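For reference, the structure discussed in these notes is given below.
Values in this text are rule-based calculations from the coordinates and carry no lab data. A quick note: this is a predicted structure, and the numbers were derived from the prediction, not measured. Counting neighbours? That spans all protein chains shown, and the Cβs are built from the backbone with ideal geometry, glycine included.
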Amino acid sequence: MSNRFDARFYQRFYMNPRTRVTSREEMARRGRMVAALVQQLELPVKRILDAGCGLGWFREPLLATFPKATYVGLEVSEHLCREHGWVHESLAKYRPRAAFDLIVCYDVMQYLSDREATQAMANLARLARGALYFHAPTQEDWRDNADRDTSDSDINLRGASWYRSRLERHFEHAGCGVHVRRGVAWGQWELERSG
């Protein structure tokens, strides 16, 4: 799979303004939103894992909010690991020595088989000791939200309930895709909670 994510893939889906699915600016806004919510929940952040970090567009906004944190970029693309120095490993198999206070897992799971995605979801629970920002396009998103002209269609789509059922085993949803590890103390007013 790592050969799939070569320079052409990132040029098409991230760099070319006519064919990109997102932009650096959009990812910076998303990163600031995640950081602001985690900060509002008063969760300490010393170690950040960007699982499937791609070009690393979450790095700058997260470290701007948590400047003393250590950032680890995890990526299967050999091309990007050579270019940016990311850790070359699959989220399904990654076994670091220590857990992370904040994990970002954005648009990774759709590239994994059901077996690998199940392993990766379980691994997220093992790796998280604080907050997880999780996003993956679902069957519902593909039907209702995705821009199919710019989105990669060579993916594995699952229903939102597939992801929610696995997340709910280990996390509480705090809103905007941010989940907090069960057992971690965090405060949120009742009407700020999702669901």
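Taking just the alpha-carbon atoms of the range 16-82, what radius of gyration and Dmax come out, in angstrom?
Cα radius of gyration and Dmax of the range 16-82 are 12.9, 39 Å respectively.
Please get the size of the charge dipole for the chain, origin at its Cα centre, with Cβ charges of +1 on Lys and Arg and -1 on Asp and Glu, quoted in debye to the nearest 20.
It works out to roughly 560 debye.
Among DSSP bridges having both ends in the chain, what percentage is antiparallel? Round to the nearest 5.
On the way: 7 of 24 bridges.
Approximately 30 percent, going by the DSSP bridge assignments.
For the range 7-183, what's the relative contact order in percent, using C-alpha pairs closer than 8 Å and at least 6 residues apart?
On the way: 274 pairs, mean separation 35.7, N = 177.
The normalised contact order for the range 7-183 reaches 20 percent.
Alpha carbons only, please: Rg and Dmax for the chain, in angstrom.
16.0, 46
Give me the three principal axis extents of the range 115-195 from the C-alpha atoms, as integers in angstrom, largest value leading.
Reported extents, whole Å, longest axis first: 42, 30, 18.
Among 185-191, 90-96, 104-110, 52-58, what's the highest-first ranking by average C-beta atoms within 10 angstrom per residue? Let's see the in-between values first.
On the way: 185-191: 8.9, 90-96: 16.1, 104-110: 23.4, 52-58: 21.6.
Packing order, densest peptide first, comes out as 104-110, 52-58, 90-96, 185-191.
By the scheme Lys and Arg +1, Asp and Glu -1, what is the net charge of all other residues having a beta-carbon under 14 Å from that of Ala28?
Result for the local shell: +1.
Toward the positive end of the charge dipole of the chain, about the Cα centre and with charges on Cβ (Lys, Arg +1; Asp, Glu -1), which of Ala28, Gln188, Ala7 goes farthest?
Gln188
What do you get for the angle between helix 114-127 and the principal long axis of the chain? Use alpha-carbon atoms, 0 to 90 degrees, nearest ten.
Between helix and principal axis, roughly 40 degrees.
Quick check on the chain: helices-only [θ] at 222 nm, where DSSP H runs of length 4 and up contribute -39,500 (n - 2.57) each and the sum goes over total residues. Nearest 500, please.
Values: 7 runs with 63 residues, N = 195.
Helices in the chain give a 222 nm mean residue ellipticity of -9000 deg cm²/dmol.
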